[in-house]
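To start, the structure itself, in structure tokens.
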Amino acid sequence: MKPGLVVLITGAASGIGAATALEVFSQGGIPVLVDCDAQPLAQMAQQCGEGCLHFVADVTDLSAMQEVVAHTLAVHQRIDVVFANAGVAAFGPVAYVDPQAWQRCVEVNVVGVFNTVRSALPALMAQRGYVLINASVSSFAHPPAMSAYAASKSAVEAMGNVLRLELQAHHVGVGVMYAGWVSTPLVAEGALHPGFVRLRATMPAFLNKETTAQDTARVIVHAISKRQRRIFIPGWLRFLFALRAWLHLPFAERALVKAAPDVEKSYLEGLASEGALASSFGPRERERTLARQRQNKQAG
């Protein structure tokens, strides 16, 4: 990576975002960190150099993201790269998933990407910069009980493809990232849900292998330096991407069809014992939701 590049990263307090921030910093870049979790974000900022800019912001709030961009420009006078990475997952069959959890997943993963990119676009155009969107392999592989996540990631993949066409005349590069299983808190939380474990059991071992966040970050920063159009992690996913239409033919869906009733049963058992919110969200997003509800109640 060219030293001195200003790289705005959302979802930067943990997982892929945090690892990418550290990798950017190690290669002489200037990471700017955005996340909704204040304490881990501050801890990450301490590892990214003295005076590292970091903002506690919800990507679903357009005005908050506009303030992030304005403050960044006031300090650094430029934004060269935006990595729209922030995301959450909601779990559950469409017939039973908590509607608020489903909607929140789509808002963060789709509206949040739009708000991030839209806010930074004038600065990116001025620098002939680069946008990277985390679409994930779920943009083309759609397992049962993951409708919100799959729909949202499909949407941002499409957004990235449109952006690439729109921004070429402005000399802004656009990349879409397709990662499989990466060892992050989001994936670790999924393992707490029996239905999610059952889904992963439908996959052969080579498809279930996890990539570390650090290895993922190295691929991401290399892709940023090359302004790549598509990034596959691990690399062999490009072949699955090329065959994506085959993934939804009957023979390819057989194992998932067989697993769907088990997944539904596990979800309903969790629904009865833990409630809709606990069944649909992992612990971190559940706590964020409860915190927002308390704030709204106090404000009311």
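The values are calculated or read from the model by the stated rules, or taken from the named source; none is laboratory data. None of the values given here were measured: they were computed from a predicted structure. Note that each Cβ is placed from the backbone with ideal geometry, even for glycine, and that neighbours are counted across all protein chains shown.
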Is it the case that some residue within the range 153-161 is assigned to a strand (DSSP E or B), crowded, with 20+ Cβ neighbours inside 10 Å and β-branched (Val, Ile, Thr)? no
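Restricting to the range 162-174, and then to whatever is touching a strand residue (DSSP E or B) at 6+ places or on another chain (Cβ under 7 Å) and assigned to a helix (DSSP H, G or I), can you tell me which residue is nearest to ALA126 (Cα to Cα)? Before you say what the answer is, go through the steps one by one.
At the first step, the residues of the range 162-174 found to be touching a strand residue (DSSP E or B) at 6+ places or on another chain (Cβ under 7 Å) are 163-164, 167, 172-174.
Next, from what is left, pick out any that are assigned to a helix (DSSP H, G or I): 163-164, 167.
Values: LEU163: 16, ARG164: 16, LEU167: 12 Å.
Going through the qualifying residues, I end up with LEU167.
Does ALA90 satisfy the criteria of being among the aliphatic types (A, V, I, L, M), at pLDDT below 95 and on the phi < 0 side of the Ramachandran plot?
yes
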So VAL82, is it under 18 Å from VAL131 (Cβ atoms) and part of a strand (DSSP E or B): yes
In the list ASP80, ASP61, ASP98, which residue meets the criterion of being modelled with pLDDT of 95 or more, of a type in the set (Asp, Glu) and touching a helix residue (DSSP H, G or I) at 6+ places or on another chain (Cβ under 6 Å)? ASP80
Residues of the range 174-195 being closer than 21 Å to GLN228 by Cβ and touching a Pro at 6+ places or on another chain (Cβ under 9 Å), which ones? ALA179, GLY180
Go through the range 37-70 and give me each residue that's surrounded by fewer than 20 Cβ atoms within 10 Å (Cβ to Cβ) and closer than 12 Å to ALA13 by Cα. ASP37, ALA38, GLN39, PRO40, ALA42, GLN43, GLN46, GLN47, VAL56
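Residue-wise test of (1) exposed (fewer than 12 other Cβ atoms within 10 Å of the Cβ); (2) at pLDDT below 85; (3) more than 24 Å from GLY11 (Cβ to Cβ); (4) not aliphatic (A, V, I, L, M).
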{"residue": "THR202", "(1), (2), (3), (4)": "no, yes, yes, yes"}
{"residue": "ALA205", "(1), (2), (3), (4)": "yes, yes, yes, no"}
{"residue": "GLN214", "(1), (2), (3), (4)": "no, no, no, yes"}
{"residue": "ILE220", "(1), (2), (3), (4)": "no, no, no, no"}
{"residue": "ARG229", "(1), (2), (3), (4)": "no, no, no, yes"}
{"residue": "HIS248", "(1), (2), (3), (4)": "no, no, yes, yes"}
{"residue": "GLU264", "(1), (2), (3), (4)": "no, no, yes, yes"}
{"residue": "GLY270", "(1), (2), (3), (4)": "no, yes, yes, yes"}
{"residue": "GLN293", "(1), (2), (3), (4)": "no, yes, no, yes"}
The one condition in (1) surrounded by 13 or more Cβ atoms within 10 Å (Cβ to Cβ); (2) touching a residue at least 12 places away in the same chain (Cβ under 8 Å); (3) in contact with a helix residue (DSSP H, G or I) (Cβ under 9 Å, 6 or more places away or on another chain) that ARG286 fails to fulfil: (2)
Of the numbered conditions (1) surrounded by fewer than 20 Cβ atoms within 10 Å (Cβ to Cβ); (2) modelled with pLDDT under 95, SER138 fails exactly one; give the number of that condition. (1)
